[in-house]
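Below is one structure, written out as structure tokens; the observations come after it.
The values are calculated or read from the model by the stated rules, or taken from the named source; none is laboratory data. On a predicted model such as this, the values are computed, not experimentally measured, just so you know. All Cβ positions, glycine included, derive from the backbone under ideal geometry; neighbour counts span all protein chains shown. SASA here: full protein model, heavy atoms, side chains in, ligands and nucleic acids out. Shrake-Rupley method; radii C 1.70, N 1.55, O 1.52, S 1.80 Å.
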There are 2 protein chains.
Amino acid sequence: MRTPLCEAFGIEYPIFAFTPSEHVAAAVSRAGGLGVLGCVRFNDADDLDRTLDWLDENTDGKPYGVDVVMPMKIPTEGTSIDLKAMIPEEHLTFVERTLQQLGIPPLPEDGRDGVLGWLHSVARSHVDVALKHRPVLIANALGSPPVDVIEQAHAAGVKVAALAGAAKHALSHVANGVDIIVAQGYEAGGHTGEVASMVLTPDIVDAVGPEVPVLGAGGIGSGRQIAASLALGSQGVWTGSIWLGTEEYQQLNSHAGWVPAFTKATSSDTVRTRIYTGKPARLLKSKWTEAWNEEDAPSPLPMPLQNLLVAEAHNRINAAGDPEVVSMPVGQIVGRMNEVRPVSEVVADLVAEFEATVKRLDGVAGL
Amino acid sequence: MRTPLCEAFGIEYPIFAFTPSEHVAAAVSRAGGLGVLGCVRFNDADDLDRTLDWLDENTDGKPYGVDVVMPMKIPTEGTSIDLKAMIPEEHLTFVERTLQQLGIPPLPEDGRDGVLGWLHSVARSHVDVALKHRPVLIANALGSPPVDVIEQAHAAGVKVAALAGAAKHALSHVANGVDIIVAQGYEAGGHTGEVASMVLTPDIVDAVGPEVPVLGAGGIGSGRQIAASLALGSQGVWTGSIWLGTEEYQQLNSHAGWVPAFTKATSSDTVRTRIYTGKPARLLKSKWTEAWNEEDAPSPLPMPLQNLLVAEAHNRINAAGDPEVVSMPVGQIVGRMNEVRPVSEVVADLVAEFEATVKRLDGVAGL
């Protein structure tokens with residue numbers, strides 16, 4: 001499974017693995033893919049710095065990437081305390097009441113920090129810290145990062161990737177200097193648009209032309225799906241959900257209820273909603289997501305307020321460990337996540353099934 | 001492009017083309033695919049009978065299929081006049097007011113019949129009439145037809161296909177005796193579920209096992225997409241939208257505004273809504289679909305009432321020919337429908353691009 005991206009990044013397989021876990025990222029890179037560490041969970045840049053030190057030492061010299069969450073237009077931004085003052089009382093009351101109804105206890109005092117990585121200033125510090133290490137790629141989950149960040153990355157010899165949910169957004173990213181487009185289909189976990197991978201990938205491939213590599217994202221969890229994505233014209237795949245089902249991920253995740261939750265879920269058990277960040281993102285369907293559909297639920301707030309509103313709730317939910325009350329971004333591929341496996345085994349299966357699929361297609365085509 | 005379905009149906013390519021137009025169906029069958037005539041537009045079984053006579057004579061002896069719309073459970077059903085009495089005044093007023101606001105004039109007296117094919121009794125007459133001709137396939141857009149209809153088809157040596165939007169529905173169809181599953185992805189036109197083709201096709205393929213052929217549907221409009229669907233495990237593709245852009249289709253369609261409407265649309269310009277039939281179906285986004293999102297719009301009625309409510313409105317909209325006010329089921333592939341072409345050219349391009357795609361994948365896999 002070799003495309004020009006393998007040469008460009010010095011990787012064996014064009015399998016890009018977004019993950020909040022440095023253990024997963026390192027294992028994917030060691031297995032021949034490109035592990036991409038999600039930085040949004042690092043409130044403290046020093047924590048990220050230490051984690052990237054660990055990654056530098058645990059990837060056997062193989063390349064890796066980082067993923068930040070950064071809107072192109074720099075928002076008006078105060079401290080997290082200023083922003084919290086903008087959250088309506090109705091929303092705070094709803095969250096607290098819902099958590100109580102779902103049996104989710106409060107946290108001890110020292111566990112109450114939310115996730116600040118959605119704030120622009122924090123995301124920018126992630127870039128500064130990352131560039132002191134040796135990432136080969138900086139990806140931005142919210143599309144083009146600000147142009148000076150792209151220039152900063154390029155000056156360090158680092159490629160920039162950006163997610164796009166429509167061809168016009170991909171064209172705008174390329175015009176801003178982005179090197180690689182992640183075509184994020186409707187079926188993907190996290191922030192998604194409405195166009196599904198089957199249509200979106202070729203839309204974006206044809207829009208940006210052959211000089212701009214496209215990674216297919218959304219619904220990729222098997223070698224058949226990698227073959228499908230490459231058939232659609234991608235030069236590789238961007239995966240995320242499947243790594244949440246690996247042994248290495250469980251080292252990070254303190255959420256005791258997560259494994260039974262994803263094991264039970266079918267591909268119909270996700271929901272695309274604004275309750276996680278304020279922008280539409282796909283989550284596992286749970287009592288928490290359902291509560292936001294009730295008649296008494298308020299409308300989600302815009303980014304970044306919604307995440308500030310629910311950040312502590314997420315920590316409480318994670319600590320409680322009830323499989324029926326999780327708040328986890330995941331794609332429709334969750335229906336296929338039925339056991340916890342080591343990363344190396346997942347990668348080996350992806351590659352083997354891809355090769356078997358291409359041979360099968362040869363038979364259909366009479367080649 | 002040969003799979004076991006080619007043998008089973010005596011066709012050259014496993015490309016199944018759903019279309020309300022006998023001209024398209026005949027042209028697809030002549031070109032080596034399987035044209036499948038949608039029967040829902042035939043209020044009068046004699047009209048369908050005459051149209052199938054025409055198809056028998058214009059397919060050069062090649063096979064064809066028919067598509068009916070039939071719920072498995074036989075609904076309580078009166079005449080169309082009885083049912084109309086169940087439509088709330090609020091809904092009738094909203095439709096009339098909206099059409100007036102959009103500048104859609106009334107029809108002359110003789111053009112006021114709606115579409116009755118959604119009624120079970122009418123759909124059943126379609127099956128009876130079809131079996132007097134030589135279809136090789138009866139497909140049902142609403143899943144399993146009633147078991148006695150499946151037995152009636154099998155007794156006549158005709159295979160039965162049913163659409164499914166989730167693996168559990170596919171399993172239920174197979175248990176009812178359905179021969180072929182159409183895995184209808186989220187991106188498809190008309191009735192769709194929420195799981196996209198990239199995930200749904202392998203879900204269904206694995207659920208029903210190797211003995212039951214699966215057709216991939218939703219987002220299929222190019223040879224790359226056919227290759228992707230076959231990579232996912234389908235034995236062929238079920239296509240619909242792309243035939244709405246053919247020369248042959250324009251012979252049926254009296255809607256003067258349709259060609260500019262689909263030519264302009266991108267893959268983001270569809271909407272999945274209950275306003276067409278009462279069940280979620282994907283339509284081209286237009287001033288008509290947007291009107292149903294306004295605050296003063298009522299909720300759509302359940303099937304079959306919603307279609308009775310809007311049937312005459314559809315006729316008025318079609319007659320008016322305003323490209324900005326269309327009511328047309330179409331998939332996200334509409335973004336690629338940019339010119340009107342003959343069916344034979346579309347089929348030839350699908351096949352050629354499929355073969356080129358498989359060769360490209362061979363290169364990636366190093367085969």
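Laid out as a table, the results:
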| item | result |
| --- | --- |
| Table column - 3J(HN,Hα) (Hz), region A:232-246, Karplus curve with 6.51, -1.76, 1.60, x for Gly and Pro | 6, x, 5, 9, x, 10, 10, 10, x, 3, 4, 6, 6, x, 9 |
| Percent RCO, i.e. relative contact order, over region B:4-365, from Cα pairs under 8 Å lying at least 6 residues apart | 19 percent |
| Residues B:R274 and A:D128, FRET efficiency given R0 of 51 Å [Cβ-Cβ distance, rounded to 0.05] | 0.55 |
| Rg over Rh, two decimals, the protein assembly as shown (C-alpha only, Kirkwood Rh) | 0.98 |
| Cα gyration tensor shape for region A:219-274, rounded if a/c is under 1.5, else prolate or oblate | prolate |
| Charge dipole (debye, nearest 20) of the protein assembly as shown; +1 at Cβ of Lys and Arg, -1 at Cβ of Asp and Glu | 600 debye |
| Charged-residue dipole, Cβ positions (Lys, Arg, Asp, Glu), region B:4-365 about Cα centre, Debye nearest 20 | 660 debye |
| Rg/Rg_globular for region B:96-229, with Rg_globular taken as 2.2 N^0.38 Å and Rg from C-alpha atoms | 1.28 |
| Surface accessible to a 1.4 Å probe, A:R30 within the full protein complex, Å² | 100 Å² |
| Summed side-chain charge close to A:S344 - residues other than A:S344 whose Cβ falls under 14 Å, Lys, Arg +1, Asp, Glu -1 | -3 |
| Cα-based convex hull, chain A, per residue volume (Å³, whole number) | 131 Å³ |
| Accessible surface, region B:4-365, averaged per residue in Å² (probe 1.4 Å) | 37 Å² |
| Simple label model, 7 Å out from Cα along Cβ direction - A:D60 to B:E353, nm | 4.0 nm |
| Karplus (6.51, -1.76, 1.60) ³J(HN,Hα), θ = phi - 60°, over region B:189-196, in Hz, Gly and Pro reported as x | x, x, 4, 9, x, 10, 9, 6 |
| Angle in degrees between helix B:120-130 and the longest Cα principal axis of chain B, rounded to the nearest 10 | 40 degrees |
| FRET E, pair A:D53, A:K264, Förster distance 45 Å, beta-carbon r, rounded to 0.05 | 0.75 |
| Nearest-10 value in Å² for the accessible area of B:L102, using the 1.4 Å probe | 40 Å² |
| Rounded to the nearest 10 Å², the accessible area of B:E324 at probe 1.4 Å | 90 Å² |
| Label-point gap, in nm, between A:E339 and B:A175 - each point 7 angstrom along Cα→Cβ | 2.6 nm |
| Residue-averaged [θ]222 nm for chain A, counting only DSSP H segments that reach four residues, each worth -39500 (n - 2.57) | -12500 deg cm²/dmol |
| Estimated translational D of region B:146-215 in µm²/s (Stokes, Kirkwood radius over Cα pairs; 20 °C; 1.002 mPa s) | 176 µm²/s |
| Label-to-label distance, nm, for residues given as A:D46 and B:E247 (7 Å Cα→Cβ offset) | 7.4 nm |
| R0 of 45 Å, Cβ-Cβ distance B:R2-A:E109: FRET efficiency to nearest 0.05 | 0.10 |
| Farthest toward positive dipole pole in chain B [+1 Lys/Arg, -1 Asp/Glu at C-beta], among B:T19, B:S222, B:A365 | B:A365 |
| 5 Å binning of all Cα-Cα separations within region A:1-51, expressed as whole percents from 0 upward | 5, 23, 24, 19, 14, 9, 5, 1 |
